[in-house]
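So the structure is just underneath, and the comments pick up after that.
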Amino acid sequence: LGEIIGALCGRIDELRLAVRERSPEVVAEHHAKLRERLQNLLDAVPVDEQILAREIAVLADRADVTEEIDRLGAHVTHARELLAGDEAAGRTLDFLAQEMLREVNTIGSKSSDADLARLVIDMKSTVEQLKEQAAWLKMLDAYDHPIATHNRGKDLIPRWTALVGDPQTVAARIKEYQ
């Protein structure tokens, strides 16, 4: 379970870095489009570079997702630290996943680029998967069983599955009662 959550954190981090890489390109593309639109509107009238620069700065500020990307990275780091520790982590991972979703949603709302939208959708999907796994971990933590808290339930999951069914069914049952 810890390995699965760790892999999901890795995927979120990959997507986060892809968003960080794409964001400056989006601003440059907006700059070029704005310049072209203004030129088309004004045809023979030259565009005042100061006004254009100010408008581009406003657009860049609205589309800036640097803070969200940094906070998302901090949440991923925190999740990895929780997984490496010996304490019960399910509930905290669940809260972290909610925070990750907030950051991803903010990135999505600030972005008007199709490539960024795809990355945001992939991140949302991955964070939702992380939330599902965190629910499993939260369930194991609730038992306060030494196996559940010290090795993240690796030994307990086969036993639990034999008693109550496959992980997808158990996850669905957990969601019903939350």
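The values are calculated or read from the model by the stated rules, or taken from the named source; none is laboratory data. From a predicted model like this one, the values you see are computed outputs, not experimental measurements. Cβ: placed from backbone, ideal geometry, glycine included. Neighbour counts: every protein chain shown. Side chains included, ligands, DNA and RNA excluded: accessible areas come from the protein's heavy atoms. Shrake-Rupley method; radii C 1.70, N 1.55, O 1.52, S 1.80 Å.
Quick notes
- Qualifying residues in the range 91-106 (those that are over 12 Å from the mean Cα position of the chain (by Cα) and open to solvent by 30 Å² or more (accessible area, probe 1.4 Å)) - the one modelled with the lowest pLDDT: Arg91
- Flag if Ala28 is without any contact (Cβ under 8 Å) to a residue 40 or more places away in the chain, open to solvent by less than 80 Å² (accessible area, probe 1.4 Å) and over 23 Å from Ser109 (Cβ atoms): no
- Scan of the range 72-90 for residues that are outside any helix (DSSP H, G or I), among the small types (Gly, Ala, Ser) and surrounded by fewer than 16 Cβ atoms within 10 Å (Cβ to Cβ), ordered by number: Gly85
- Flag for Glu99 being outside any helix (DSSP H, G or I) and under 30 Å from Gly2 (Cβ atoms): no
- Of residues in the range 53-70 being surrounded by 15 or more Cβ atoms within 10 Å (Cβ to Cβ) and either over 14 Å from Glu29 (Cα atoms) or hydroxyl-bearing (Ser, Thr, Tyr) (or both), the one modelled with the lowest pLDDT: Val65
- Criterion (open to solvent by 30 Å² or more (accessible area, probe 1.4 Å), under 30 Å from Val58 (Cα atoms) and assigned to a helix (DSSP H, G or I)) met by exactly one of Ser109, Ser125: Ser109
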